[in-house]
Amino acid sequence: MKLNKFTISLLALTVMSSVACKKEKSSSTGWNYNDSKWGGFEKHEYAGQETGPGLVLVHGGAFTMGSSEQDVTYEHNNVERKVSVPSFYMDETEVTNSHYREYVFWLKRVYVDYPEVGINALPDTNVWRDRLAYNEPYVDYYYRHPAYQDYPVVGVNWQQATAYAAWRSDRVNEMILIREGILEPDPDQMNEANFNTDAYYVGQSDGLTLGKHQMKDYRVKRGGTRQVRMEDGIMLPEY
């Protein structure tokens with residue numbers, strides 16, 4: 001039997017349509033994923049975590065920790081053992097004065113009713129002072145003068161560094177949602193009404209301006225939408 005080009009094209013299109021419409025099933029229950037008719041449980045392909053701005057991936061591995069020499073004093077406090085370190089991300093360079101000033105600027109711009117938030121984030125420039133050295137120019141100019149804007153920030157304590165990392169996590173995730181069209185840029189966020197990753201995950205997103213592209217909610221049969229979840233793999237983990 002001879003088949004013309006139209007018939008062959010129609011058969012190919014039918015095969016492609018049947019493959020495209022086939023839903024992935026759970027290997028434990030047999031229920032369809034991403035199908036509102038089967039409850040709407042979602043499973044998405046994950047290509048891997050994207051690298052955040054300014055970060056580099058450090059691949060993990062295993063190494064031998066401890067002394068390989070004879071323990072002459074028999075203290076046994078440095079026993080040779082194998083240690084595995086998982087892969088992790090770290091900044092390509094130190095956090096600069098410019099990076100940290102951007103953080104303080106944001107705090108002062110957003111927390112207008114709580115000026116102490118921005119004040120408490122300022123680094124301690126007195127760390128430059130020393131009895132046997134004349135470092136007053138650094139005390140006065142190092143943090144703010146443009147000549148030092150790409151130098152590492154100093155005088156930041158552990159609590160301030162932790163708060164900076166949390167702020168940076170939120171700003172990067174906010175940028176990702178804006179890039180994906182899920183949120184619109186909103187420079188007028190004020191006080192507590194600003195984007196926070198943890199608050200967004202639990203549905204506390206009042207005051208945020210939604211974009212044109214929202215996630216499809218398969219729990220709703222007729223075109224429902226939802227917020228981004230951690231399971232979607234879109235936003236990044238905490239810094």
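The values are calculated or read from the model by the stated rules, or taken from the named source; none is laboratory data. None of these values were measured; they are calculated from a predicted model. Reconstructed Cβ throughout: ideal geometry from the backbone, glycine too, with neighbour counts over all protein chains shown.
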Scope the range 146-175; condition in contact with a helix residue (DSSP H, G or I) (Cβ under 9 Å, 6 or more places away or on another chain) and not in a helix (DSSP H, G or I); matching residues: Gln149, Asp150, Tyr151, Pro152, Val153, Val154, Gly155, Val156
Of residues in the range 199-238 being outside any strand (DSSP E or B) and among the β-branched types (Val, Ile, Thr), the one surrounded by the most Cβ atoms within 10 Å (Cβ to Cβ): Val228
Test: residue in the range 176-187 that is in a loop (DSSP other than H, G, I, E, B), surrounded by fewer than 12 Cβ atoms within 10 Å (Cβ to Cβ), under 22 Å from the mean Cα position of the chain (by Cα) and not β-branched (Val, Ile, Thr): yes
Among (1) surrounded by 14 or more Cβ atoms within 10 Å (Cβ to Cβ); (2) modelled with pLDDT under 95, the one test that Ser68 misses: (1)
Of all residues in the range 134-175 being of a type in the set (Phe, Trp, Tyr) and modelled with pLDDT under 95, the one that is surrounded by the fewest Cβ atoms within 10 Å (Cβ to Cβ): Tyr134
Odd one out for Thr64, checked against (1) assigned by TED's automatic domain parsing to the domain that holds Tyr138; (2) over 20 Å from Pro237 (Cα atoms): (1)
Tally, over the range 89-112, of residues that are surrounded by 13 or more Cβ atoms within 10 Å (Cβ to Cβ) and either in contact with a helix residue (DSSP H, G or I) (Cβ under 6 Å, 6 or more places away or on another chain) or of a type in the set (A, V, I, L, M) (or both): 8
Top-ranked residue in the range 74-88 [being closer than 13 Å to Phe63 by Cβ and surrounded by 10 or more Cβ atoms within 10 Å (Cβ to Cβ); ranked as modelled with the lowest pLDDT]: Glu80
Yes/no for Tyr151 being of a type in the set (Ser, Thr, Tyr) and closer than 23 Å to Ala47 by Cβ: no
The range 51-64, residues that are surrounded by 13 or more Cβ atoms within 10 Å (Cβ to Cβ) and assigned to a loop (DSSP other than H, G, I, E, B): Gly52, Gly54
Hits in the range 8-33 - residues which are modelled with pLDDT under 90 and among the polar types (S, T, N, Q): Ser9, Thr14, Ser17, Ser18
Cβ-Cβ under 6 Å pairs, at least 6 apart or on other chains, the range 149-164 side assigned by TED's automatic domain parsing to the domain that holds Leu122, far side in a helix (DSSP H, G or I) and among the hydroxyl-bearing types (Ser, Thr, Tyr): Gln149/Ser98; Val153/Tyr100; Gly155/Thr125; Tyr164/Tyr103
The range 192-239: number of residues that are under 19 Å from the mean Cα position of the chain (by Cα), hydroxyl-bearing (Ser, Thr, Tyr) and modelled with pLDDT under 90: 1
Matching residues in the range 113-129 - criterion: being crowded, with 16+ Cβ neighbours inside 10 Å and either in a helix (DSSP H, G or I) or over 26 Å from the mean Cα position of the chain (by Cα) (or both): Val117, Gly118, Ala121, Thr125, Trp128
Residue match in the range 66-82 (condition: in a strand (DSSP E or B) and over 27 Å from Val228 (Cβ atoms)): yes
